[in-house]
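Here is the structure we will look at, set down as structure tokens.
Just so it is clear, none of the values below were taken in a lab; they were calculated from the coordinates. Remember, predicted model here, so these are calculated numbers, not experimental data. Positions of Cβ are generated from backbone atoms using ideal geometry, with glycine treated the same way; all protein chains shown enter the neighbour counts.
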Amino acid sequence: MPATILVDADACPVKDEIYRVAERHGAHVRVVSNDIFRVPVSERVKRVVVSDGFDAADNWIADNASPRTVVITADILLAERCLKEGAQVLAHNGKPFDAASIGGAVATRAIMADLRAGMDGIGGGPPPFSKADRSRFLQALDKVLTAMRRKG
């Protein structure tokens, strides 16, 4: 049974890379969003458009996560939900979320939210997405899909 990649698509900078790696591995891709995104014409790639309700895309992804899925998201709380379902989870920069790292990531997210709230709108955001991030993501996704294929 091929793996399925669930993409939290609204702010995903690596969709084209996902399609290429998925094709090479024979994986299915579900591009999940509140808006319509262009996706390649392929039997393996499907667009999933959910309502614009709060967390609708996250809920769809978490409800469909399983040990045979790889979830691509920068959303730490979604990553935590998907890990509980046995999914592999990668951030857009290739950083894996796993049982050992998710607790610290959730705590850091809460601290940063508190700091931003106290700064009255002053703050940065994540660093710009780089070529190194893209390369690291490609390597990480390939590694995860290869491991899943070996496990059967």
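For the reader, a short list of remarks on this structure follows.
- Subset of segment 20-46 [under 18 Å from V144 (Cα atoms) and either in a helix (DSSP H, G or I) or within 17 Å of the chain's Cα centre (by Cα) (or both)]: R20, V21, A22, E23, R24, H25, A27, H28, V29, R30
- Top-ranked residue in segment 25-36 [being touching a residue at least 24 places away in the same chain (Cβ under 8 Å) and exposed (fewer than 15 other Cβ atoms within 10 Å of the Cβ); ranked as nearest to L78 (Cα to Cα)]: N34
- Output for segment 47-92, where each listed residue is outside any strand (DSSP E or B), among the aliphatic types (A, V, I, L, M) and under 12 Å from S33 (Cα atoms): V50, A56, A57, I61
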